[in-house]
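Only one structure is covered here, and it is reproduced in the block below.
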Amino acid sequence: MITPRGVKIRFTSVKTALSKTGLPELDYALNPYIGCYHSCIYCYARLYTRDRDVSEKWGEVVVVKTNLLSILAREVQKYPPGIVGIGTITDPYQPIEAIYRLTRRSIELLLKKNFATSIQTKNPLVLRDLDLFKTHREQVDVGLTITSLNEDIRRFIEPKTPPYNARVEALRKLSLHGVKTWIFYGPVIPGLNDDEETIIQIVELARETKSTLYYDPIHVKPFLLNPNHQLYNYITGKTRDWWIRVSKKILDYCIEHHVHCKPGFTGNSVNKV
Ligand code: SF4
């Protein structure tokens, strides 16, 4: 099936819905879709996707887990409640969610059984579920990935994502309604979005929306080291010192502006770039 956005949709059934995760602050992970329309050029989720059709044509094929909800309904009966990362591999609010609503219905099931959900997205479609978040404030937090506020940069690195200002407005609205929010400032890429102006803008946004700020350097995977990759010139020849310098700058601004700031998923394992 081909959607109006030109994405091929396939269907599959799964044996499990929740998976254990080693990600910090999370007990389980849930990913309603395989593949991601957003097509960020730095995305390495494809490396963890066994479906070759999806990983080789990243952004062009998305697979819907048709029996996800019935499996999840069983799992929430037998697993102890914990924090579930929603969209740890692919974006749970990518456009296909507007049609299939697997993310929303999964969150409903989880909240009902006293699980907490930690959602990460680049898509303001998340606002559709504000009603749900407002009635379960204690069990929900929502993170928006904001890598810059410069649209030229977005068009370059995240070509099929919603504009930054739409994400900023989504973050503001969630925060205004008392939903716990966070910003994911990552990947930070040398010479692209690591400048002082970007850092100040993002820290200021975190302050305004009372969001925790997670920051994370680019993870240099082999596909980025191909000289034909658009990011190749940004990541070669840089050293570990670059990230020590940039992360210190981020931290300093956070301290100055009383923003709660934390390293992202890599913790201290700074990439060698
Ligand atoms: S939104 Fe996330 S999962 Fe989707 S392409 Fe971008 S980085 Fe990959």
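Without any contact (Cβ under 8 Å) to a residue 60 or more places away in the chain, within 13 Å of the ligand (Cβ to nearest atom) and of a type in the set (S, T, N, Q), is that true of residue 121? So that I can check it myself, show each step before the final result.
Values: without any contact (Cβ under 8 Å) to a residue 60 or more places away in the chain: yes; within 13 Å of the ligand (Cβ to nearest atom): yes; of a type in the set (S, T, N, Q): yes.
Taking the combined requirement at face value, the residue satisfies it.
Report yes if some residue within region 215-227 is crowded, with 20+ Cβ neighbours inside 10 Å, closer than 16 Å to residue 143 by Cα and under 20 Å from the mean Cα position of the chain (by Cα); otherwise report no.
yes
Being surrounded by fewer than 23 Cβ atoms within 10 Å (Cβ to Cβ) and part of a loop (DSSP other than H, G, I, E, B): is that true of residue 23 here?
Spelling it out, residue 23 is indeed surrounded by fewer than 23 Cβ atoms within 10 Å (Cβ to Cβ) and part of a loop (DSSP other than H, G, I, E, B).
Does residue 74 count as in the same structural domain as residue 15 (by TED's automatic domain parsing) and within 13 Å of residue 32 (Cα to Cα)? Step through it out loud before you land on a result.
On the way: in the same structural domain as residue 15 (by TED's automatic domain parsing): yes; within 13 Å of residue 32 (Cα to Cα): no.
For residue 74, the condition - in the same structural domain as residue 15 (by TED's automatic domain parsing) and within 13 Å of residue 32 (Cα to Cα) - is not met.
So, in region 72-99, exactly how many residues are of a type in the set (Val, Ile, Thr) and not in a loop (DSSP other than H, G, I, E, B)? Walk me through how you get there before you give the answer.
In the first step, residues of region 72-99 are kept if they are of a type in the set (Val, Ile, Thr); the result is 76, 83-84, 86, 88-90, 96, 99.
Subsequent filtering for residues that are not in a loop (DSSP other than H, G, I, E, B) retains 76, 83-84, 86, 99.
So the answer is 5.
Within 16 Å of the ligand (Cβ to nearest atom), hydrophobic (A, V, I, L, M, F, W, C) and buried (at least 18 other Cβ atoms within 10 Å of the Cβ), is that true of residue 153?
No.
Here are the criteria: (1) outside the structural domain of residue 240 (by TED's automatic domain parsing); (2) within 16 Å of the ligand (Cβ to nearest atom). Tell me which single one residue 140 does not satisfy.
For residue 140, the exception is condition (2).
Report whether or not residue 30 is touching a residue at least 60 places away in the same chain (Cβ under 8 Å), buried (at least 20 other Cβ atoms within 10 Å of the Cβ) and within 15 Å of the ligand (Cβ to nearest atom). Working first, answer last.
On the way: touching a residue at least 60 places away in the same chain (Cβ under 8 Å): yes; buried (at least 20 other Cβ atoms within 10 Å of the Cβ): yes; within 15 Å of the ligand (Cβ to nearest atom): yes.
So residue 30 passes the test.
Within region 42-60, which residues are within 20 Å of residue 218 (Cα to Cα) and more than 9 Å from the ligand (Cβ to nearest atom)? Even if it seems obvious, please write down each step before you answer.
Start the filter on region 42-60 by keeping residues that are within 20 Å of residue 218 (Cα to Cα), which leaves 42-49, 55, 58-59.
Correct list: 47, 48, 49, 55.
Does region 90-99 include one or more residues that are of a type outside the set (A, V, I, L, M) and more than 30 Å from residue 157 (Cα to Cα)? Talk me through it step by step, then tell me what you get.
At the first step, the residues of region 90-99 found to be of a type outside the set (A, V, I, L, M) are 90-95, 97.
Next, only the ones that are more than 30 Å from residue 157 (Cα to Cα) stay: none.
Among the residues of region 90-99, not one is of a type outside the set (A, V, I, L, M) and more than 30 Å from residue 157 (Cα to Cα), which makes the answer no.
What tally of residues in region 45-59 results from selecting those that are in a loop (DSSP other than H, G, I, E, B) and surrounded by fewer than 16 Cβ atoms within 10 Å (Cβ to Cβ)?
3
With 49, 103, 90, 66 as the choices, which residue is farther than 22 Å from residue 134 by Cα and within 15 Å of the chain's Cα centre (by Cα)?
On the way: 49 fails: within 15 Å of the chain's Cα centre (by Cα); 103 fails: farther than 22 Å from residue 134 by Cα; 66 fails: within 15 Å of the chain's Cα centre (by Cα).
Going through 49, 103, 90, 66 in turn, just one is farther than 22 Å from residue 134 by Cα and within 15 Å of the chain's Cα centre (by Cα): 90.
How about region 4-20: which of its residues are part of a loop (DSSP other than H, G, I, E, B) and hydroxyl-bearing (Ser, Thr, Tyr)? Please lay out each step first, then the result.
As a first pass, look at region 4-20 and keep what is part of a loop (DSSP other than H, G, I, E, B): 4-7, 13-18.
If the condition is that a residue be part of a loop (DSSP other than H, G, I, E, B) and hydroxyl-bearing (Ser, Thr, Tyr), then 13, 16 are the ones that fit.
The values are calculated or read from the model by the stated rules, or taken from the named source; none is laboratory data. Note that the structure is predicted; figures quoted are calculated from it, not measured. Every residue, glycine as well, gets a Cβ built from its backbone with ideal geometry; the counts of neighbours run over all protein chains shown.
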